[in-house]
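The values are calculated or read from the model by the stated rules, or taken from the named source; none is laboratory data. What you see is a predicted model; the values in this text were computed from it and never measured. For neighbour counting, all protein chains shown are included, and Cβ atoms are generated from backbone atoms with ideal geometry for every residue, glycine included. Remember, those area values only see protein heavy atoms, side chains included, never the ligands or the DNA or RNA. Shrake-Rupley method; radii C 1.70, N 1.55, O 1.52, S 1.80 Å.
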Amino acid sequence: MSHLVAKLSKSVDFIGAFDPKIRTFDIIMKTANGSSYNSYVVRGSEGVAVMDTVKKEFSDEFFLRLESVCKYEEIKYIVLHHLEPDHSGALEELMKRAPKAKLIISGRAVMMLKGIIKSDVAFETANTGKKISLGDKTIEFLSTPFLHWPDTMSSYLHEEKILFSGDVFGSHYYDERLFDDEVGDFSYAFKYYYEHIMRPFKQYVLQALNLYSRFEIKTIAPLHGPILRTNPQYYIDKYEAWSSEDKFRKSTFGKKMFSVFYMSSYDNTHKMAEVIMEGADTVEGIVASMYDLASLDEKNMIDLLEESDAVIVGSPTINGDAVKPAWDLLSCMAYLESQGKIGASFGSYGWTGEAPEMLHDRMRWLKFRLPVQPIKIKLIPTEEELNDCFAFGKEIAEITMGKMVEMEI
Amino acid sequence: MVNLYLKDDNIKVKVSNSKSLREIARKSGASMEFGCRVGDCSTCVAKVVKGNELLSPITQKEIFALEAMGSSDKDLRLMCQCSINADEGEIEISYFF
Ligand SMILES: Cc1cc2nc3c(=O)[nH]c(=O)nc-3n(C[C@H](O)[C@H](O)[C@H](O)COP(=O)(O)O)c2cc1C
Ligand code: FES
Ligand SMILES: [Fe+2]
Ligand SMILES: [Fe+2]
């Protein structure tokens, strides 16, 4: 450990832990030089608050730093901005060592707490507007759910204008120099973190930024990577731009994107795709396009899916399943918001034909709106069947443009 | 039959008494979000803009979920916990609020 603690301001110290060896985070993210689990101590005239802990394996480092800035008896509050194990790993031990401390979690965290610590602990919940006092210091809580856990909250230290943002504004980037003006160039890690962790929750990001804008922010203290103290607004603006991007592009053209993704070995599913696209294209306001899944890499899949208002997936049935690239495409939805998108599926088959229905089911779990049943055609589509495909495309396109659906259940 | 309007999907459905909102969502292809489906995760929270009294009464899980969200809006319901509880009338639901 190069320096034991680092000061963010007169009364706030960094007491987190560094993990230079980690290369894969949360299964879904790579990190080229490691990361950090940031934790902070806020000192007031009437006690101390500990803001988050660290991953369990790093407890020793955390307690060493903590002990160098405060005594356990002084700890009045322990705040967990969300319960994920990379920040709650030392909680149980800390509560043992500081039995008088009161645990503060968000309202939504209550139902998860038992899954994280096995013993019964006393806690208090916080939602937007709740404040705690450390005498001459006041911390106010902000409910910022789904960034990236349902229970995520942020908090703001009024006297020193520090925003404790949780995982928001984090980077998996290891650098013990810690402050954005002293570390290496972490901009790629900052963006990568947003894309993998925050991008599925853009609407919630915008809501959170709106809450943050109530405060003058001098320093952002996130839970991973560099502390942002030179120009916090720069990072806030980045998040704002990335979260509003797709709306901007669509409204520029005033059109809805209708994307047909398909794969085909003997051209049958391909023919269906073409005709579905033609049907959709007859609808005013729709821009229909088609893409061969065989030639899309993951990055392109994500970008196309994000822009698409309607996602139509076609796959032949091969060995009782849809083809892997079709599943790969749908897996990319893990990085995106799906609610509000329209979905549908289709495909040619030989004798069982499960693929379109399997894709349809998967899209339901992914929260697509699925206004029409899948369409499957045995081997080579006939003229009449192609007419059905045309009508299928047109119907979905009309619903995408806002046509009302009426039915009886 | 009750007339149910799912505002954000622009879907109008005629539904019979005791149908669950989950079944209605599945059959109409609505984009209503569900997670745990047992009232624990609040993923399925939606606003009943009109006709809340025509849905099944609020459950203990829903009361708890509202508390956790720090909301006192009685028209916020967990869709996985709701079913139709009337033979006629108008209900309107919005997922974005
Ligand atoms: C990036 C990320 C996203 C997650 N998303 C969900 C989710 O949508 N639903 C859920 O029930 N749990 C979600 N979790 C929680 C994990 O399923 C949970 O932490 C689990 O205990 C991890 O199991 P493991 O230790 O086998 O990896 C998520 C966790 C992470 C890190
Ligand atoms: S789906 Fe989890 S509470 Fe309804
Ligand atoms: Fe996290
Ligand atoms: Fe984290």
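A few remarks follow.
- Exceedance of the 31 Å cut-off in Cα-Cα distance is limited, within the set A:K191/A:K403; A:K96/A:K137; A:K21/A:K118; A:K114/B:K12; A:K271/A:K324; A:K324/A:K403, to A:K191/A:K403; A:K114/B:K12; A:K324/A:K403.
- Where both bridge residues fall in region A:40-175, DSSP classifies roughly 60% of the beta bridges as antiparallel.
- Amide H to amide H, with H built 1.01 Å from N, A:T138 comes under 5 Å of A:H158, A:E159, counting only residues 5 or more places away or on other chains.
- Basic side chains Lys and Arg get +1 at the Cβ, acidic Asp and Glu get -1 at the Cβ, and with that the dipole of region A:6-244 about its Cα centre reaches some 400 debye.
- Amide H contacts of A:E406 (H built 1.01 Å from N, under 5 Å, at least 5 apart or other chain): B:K12
- Antiparallel DSSP beta bridges within the protein assembly as shown, percent to nearest 5: 45
- DSSP-loop trypsin sites (Lys or Arg not before Pro) across region A:116-148, with at most 12 other Cβ within 10 angstrom: A:K118
- Annotation note: GluC sites (Glu not before Pro) in region B:24-88 located in DSSP loop regions with a Cβ neighbour count of at most 15 within 10 Å are B:E88.
- Estimated [θ] at 222 nm from DSSP helical runs (n ≥ 4, -39500 (n - 2.57)) normalised by residues in chain A, nearest 500: -9500 deg cm²/dmol
- Projected label distance in nm at A:K56 and B:E90, using a 7 Å step from Cα toward the beta-carbon: 5.6
- Qualifying chymotrypsin sites (Phe, Trp or Tyr not before Pro) for region A:226-333 [loop in DSSP, other Cβ within 10 Å: at most 12]: A:Y266
- Spatial separation of Cα centroids for region A:356-409 and region A:147-184, in angstrom: 45
- Other protein chain Cβ atoms within 10 Å, averaged over every residue that makes up B:29-37: 5
- Estimated dipole of the protein assembly as shown in Debye, rounded to 20 [Cβ of Lys and Arg +1, of Asp and Glu -1, Cα centre]: 1120
- Neighbouring partner chain Cβ atoms per residue of A:332-343, average, 10 Å criterion: 2
- Label separation (A:E195 vs A:E92): 3.7 nm, computed from points 7 Å beyond Cα along the C-beta direction.
- The packing ranking of peptides A:340-350, A:359-369, B:9-19, highest mean first, is A:340-350, A:359-369, B:9-19, where packing means the average number of other beta carbon atoms within 10 angstrom of each residue.
- Averaged over peptide A:195-206, the number of partner chain Cβ atoms lying within 10 Å of each residue's Cβ comes to 0.
- The spacing between region A:9-56 and region B:1-68, judged by their C-alpha centroids, is 40 Å.
- With all protein chains modelled, accessible area of A:H82 [1.4 Å, Å²]: 0
- Tensor-based shape of region A:6-244 (alpha-carbon gyration tensor, a/c under 1.5 rounded, otherwise prolate or oblate): rounded
- Cα-projected label distance for A:A241 with A:D26, points at 7 Å along beta-carbon direction, nm: 2.3
- Long-range HN-HN contacts of A:F146 with modeled amide H, under 5 Å: A:D151, A:T152
- DSSP assigns beta bridges within region A:6-244; of those with both partners inside it, close to 65 percent run antiparallel.
- Under the Karplus curve 6.51 cos²θ - 1.76 cosθ + 1.60, θ = phi - 60°, whole-Hz ³J(HN,Hα) for region A:184-191, x wherever Gly or Pro sits: x, 6, 9, 4, 5, 6, 5, 6
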